[in-house]
Amino acid sequence: MVGIVIVSHSAKIAEGIKELALQMAIGYEGLYTAGGLEDGSIGTDAVRIMEAIQNADQGDGVVVLADLGSGIISAETAIDMLEGAVKVQIADAPIVEGAIIAAVEASIGNPFEQVLSETEKTREFRKI
């Protein structure tokens, strides 16, 4: 099963997105968060992100969604630290909509490439 990691500067935001996504993908257990810093403050930590990716990895790849630019940079650093040990890619997608679609796609057993592709299509979602 494809894993998912939500990276946010805020632990509360990351957990809230996880809660929402799991309402749409009931029973899916591959969604992990790396929100905020270890002391509870705002920020991102490449080591925490790397650990979340490792936890999410079940052998079929991991899709990462991040909230802001430095979250992307921290996620890229985390991926570099893994040295190719995990098939992982950052999705170019909005974090909320992307996490929901990724969780649904992964929960029904779709392969990594399809989960990533469908997740990235959320860039085009119109709200009104």
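Each value in this text was obtained by applying a stated rule to the coordinates, not by laboratory testing. This one's a predicted model, so the numbers in the text were calculated from it and none came from an experiment. Glycine also receives a Cβ, built like all others from the backbone with ideal geometry; neighbour counts cover every protein chain displayed.
Observations, loosely collected:
- For segment 32-58, a residue qualifies if it is among the acidic types (Asp, Glu) and surrounded by fewer than 17 Cβ atoms within 10 Å (Cβ to Cβ), and the qualifying residues are GLU38, ASP39, GLU51.
- Residue count, segment 35-58 (criterion: closer than 18 Å to GLY69 by Cα and over 12 Å from the mean Cα position of the chain (by Cα)): 10
- Filter result for ILE100 (out of contact with any helix residue (DSSP H, G or I) (no Cβ under 6 Å at 6 or more places or on another chain), buried (at least 17 other Cβ atoms within 10 Å of the Cβ) and among the β-branched types (Val, Ile, Thr)): no
- Applying the set (1) within 19 Å of SER10 (Cα to Cα); (2) crowded, with 17+ Cβ neighbours inside 10 Å to THR77 leaves exactly one unmet item: (2).
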